[in-house]
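Following: one structure in structure tokens, then a few remarks.
Read the figures in this text as sums done on the coordinates, not as results from a lab. Since this is a predicted model, take the numbers as computed values, not measurements. Backbone-built Cβ (ideal geometry, glycine too); neighbour counts: all protein chains shown.
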Amino acid sequence: MGQTNDELRAEMKAKMEAILDELLVEKGNPEAITLSEIELLVQEAGERVKAELTAGLVRQASEEDRSAAGPLCAGCGQRMHYKGQKGKYIETETGSVEVKRAYYYCPTCREGLFPPGPTVETGSEPV
């Protein structure tokens, strides 16, 4: 079973706290840093936060319950066998994210299938 919203929230909170801790260390002495340097640090931290949130939400959306029965083969109508997940990296507006999809195989027809899964939008085209 995939990650629950509460589990994802806890994971994201921990990652956000780590990013904030690093930001505060990088900031150093408040009297020796300029406004421009503060803005740059905050922008960089913000980009990391966006990338982590995107990756976590995409990962949660792509996880499936593998206990569910596989799809029926279009060729022979038999139940297809789950053969694992295959990952693919995609570029999003907030960074590179790995999306995993289930792969099913029919030994009778010797055909494989990646059923449609969650759609991840990047710009104007779904991936």
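The table below gives the values:
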item: Relative contact order of the chain, defined on C-alpha pairs under 8 angstrom at six or more residues apart (%); result: 20 percent
item: Computed lengthening from GLU11 to CYS76, 0.36 nm per intervening residue step minus Cα-Cα distance; result: 19.1 nm
item: Charge dipole of the chain about the Cα centre (unit charges at C-beta), most positive-ward option of ALA14, LEU35, GLN78; result: GLN78
item: Sum of side-chain charges, CYS76 neighbourhood, beta-carbon under 13 Å (Lys, Arg +1; Asp, Glu -1); result: +1
item: Max mean-square fluctuation residue, GNM over the chain, Cα-Cα springs under 10 Å, options GLY112, GLY87, GLY75; result: GLY75
item: CD proxy at 222 nm, helix term only [per DSSP H run n ≥ 4: -39500 (n - 2.57); per residue of the chain; nearest 500]; result: -14500 deg cm²/dmol
item: Protection proxy ranking, peptides 32-42, 76-86, average beta carbon neighbours within 10 Å, highest first; result: 76-86, 32-42
item: Fully extended contour minus Cα-Cα distance, from THR108 to THR34, at 0.36 nm per residue; result: 19.8 nm
item: Candidate values (1) 20.7, 73; (2) 15.3, 50; (3) 27.7, 85, label of the one derived for Rg and Dmax of the Cα atoms in Å; result: (1)
item: Charge sum, other residues only, whose C-beta stays under 9 Å from LEU41's C-beta, Lys/Arg counted +1 and Asp/Glu -1; result: -3
